[in-house]
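J.: So that we are looking at the same thing, I have put the structure below in structure tokens.
The values are calculated or read from the model by the stated rules, or taken from the named source; none is laboratory data. Note that this is a predicted model, so its numbers are computed, not measured. So basically every Cβ, Gly included, is an ideal-geometry build from the backbone, and we count neighbours across all protein chains shown.
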Amino acid sequence: MNRNKRVQTVLCLAITLAAASVQAQGSDAGKPSVSSAPSAKELRAADRILRKAVLRSLSRTKGLNVDRVVVVAKAGSILLEGYVPDSNQIDLATSVAEAVPGVTTVTNGLIVRAEGL
């Protein structure tokens, strides 16, 4: 639980940093304020943090073999691809990924393939 709170804190920090990239405007009260969107670098950093958090959660789940699983993160959306040894692990991987803070959607492209093939 403590580790989940740290992951959630890191994700919140990354999102806050991305949102705080607004440049200060002059003190003209009559002008509407203009905010800039997060830079591509900030978005990639947030995606990396989320990807690592999902991978960490998957790898720590008992009964789930993630040796041949790839995780792709893009703006809160997670894509799981690769192979697992049995079909029960497909649903397990989806539910674990959905429970990670910051994940909005999970697309599961995992395929059942026996070990050694």
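J.: Quick one: how many residues across the range 89-117 are part of a loop (DSSP other than H, G, I, E, B) and closer than 25 Å to residue 42 by Cα?
T.: 6
J.: Can you name the residue in the range 36-52 that is in contact (Cβ under 8 Å) with a residue 24 or more places away in the chain and among the aliphatic types (A, V, I, L, M) and, of all such residues, is surrounded by the most Cβ atoms within 10 Å (Cβ to Cβ)?
T.: Going through the qualifying residues, I end up with 50.
J.: Something else: Please identify the pairs in which a residue from the range 84-101 that is over 15 Å from residue 70 (Cα atoms) has its Cβ atom under 6 Å from the Cβ atom of a residue that is surrounded by fewer than 16 Cβ atoms within 10 Å (Cβ to Cβ), counting only partners at least 6 apart or on another chain.
T.: 87/112; 101/8
J.: Across the range 53-88, which residue is surrounded by the fewest Cβ atoms within 10 Å (Cβ to Cβ) among those that are assigned to a helix (DSSP H, G or I) and at pLDDT 95 or above?
T.: Looking at the filtered set, the residue picked out is 59.
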